[in-house]
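Reading through the structure tokens given below for one structure.
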Amino acid sequence: MQRLGFIHDMMDVKVLILFVAARSSYPMTMQEIYELCYQDDCLSYFDVCTAIPQMVETGHLKAVDAERYEITEKGRNDGALIEDSIAFSVKQRAENAVARFNRQLRRSSFIKTKLIERENGDYCVLMSLDDEAGNLMKLELTAPNQRQAVRLSRLFEKKAEMVYNLTMAELLEDEDIADQ
């Protein structure tokens, strides 16, 4: 019986990994590579776990640290030559997945939170929002317990831009009325 899908052998796995790695703006873990490449039901996590060390050995990928990998110039050049062999639908889904991954990591690099336990048992939650030019906002809130501090931190990570925009709108509202 013929296998359906793009992935038929280890070479197909490696081509897809090179395609994804070439489009990623950030080093990726093996799990992230697998998730971005999983655009075809024929791909398994074990295929990716087998392919990546082989690709590091051949110089197509390099280990950035103990967990993350990125494409080398050799991998970029070789991948560009053979990426046409990837099925169009797989290529499109992988490209979209990598674009979401890049946006998510870029956004998270601009949002920082830190929890500090105080001597009296409550928590200080330090939150900041940056952009390419620098810091836009720093906010420090006190939470009565760790659970609420963690919740504040997580919600700020989700809604940092909204908090910034609402704060700016509220503070500048009186100025707009005075200008009229």
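Among the listed values (i) 1.15; (ii) 1.04; (iii) 1.00, the one matching Rg/Rh (Cα atoms, Kirkwood Rh) as calculated from this structure is (i). Ordering Y34, M127, Q146 by the projection of their Cα atoms onto the charge dipole of the chain, which places +1 on the Cβ of Lys and Arg and -1 on the Cβ of Asp and Glu, puts Y34 at the extreme positive end.
Karplus-derived 3J(HN,Hα) values for segment 114-127, using 6.51 cos²θ - 1.76 cosθ + 1.60 with θ = phi - 60°, are 8, 9, 10, 7, 8, 4, 7, x, 8, 10, 9, 10, 9, 10 Hz; glycine and proline are entered as x. With R₀ set to 25 Å, the beta-carbon distance separating S89 from M11 gives a calculated FRET efficiency near 0.85.
Considering only G59, G75, G121, the mean-square fluctuation computed in a Gaussian network model of the chain, springs between alpha carbons under 10 angstrom, is largest for G121. Mean residue ellipticity at 222 nm, helices only, the chain: -19000 deg cm²/dmol; runs of at least 4 DSSP H residues each add -39,500 (n - 2.57), and the sum is divided by the number of residues.
Our coupling estimate for segment 47-54, obtained by passing each phi through the Karplus curve with A = 6.51, B = -1.76, C = 1.60 and θ = phi - 60°, is 4, 5, 5, 7, 5, 4, x, 5 Hz, Gly and Pro reported as x. Inverting the pair-averaged 1/r between distinct Cα atoms of segment 118-179 gives 13.2 Å as its Kirkwood hydrodynamic radius.
Taking amide H positions as modeled 1.01 Å from N, with prolines and chain starts lacking one, the residues under 5 Å from M137 and 5 or more places away or on another chain are L129. The A133 and E70 beta-carbon pair, evaluated with R₀ = 22 Å, returns a calculated FRET efficiency of approximately 0.25.
Each value in this text was obtained by applying a stated rule to the coordinates, not by laboratory testing. Note that this is a predicted model, so its numbers are computed, not measured. Note that each Cβ is placed from the backbone with ideal geometry, even for glycine, and that neighbours are counted across all protein chains shown.
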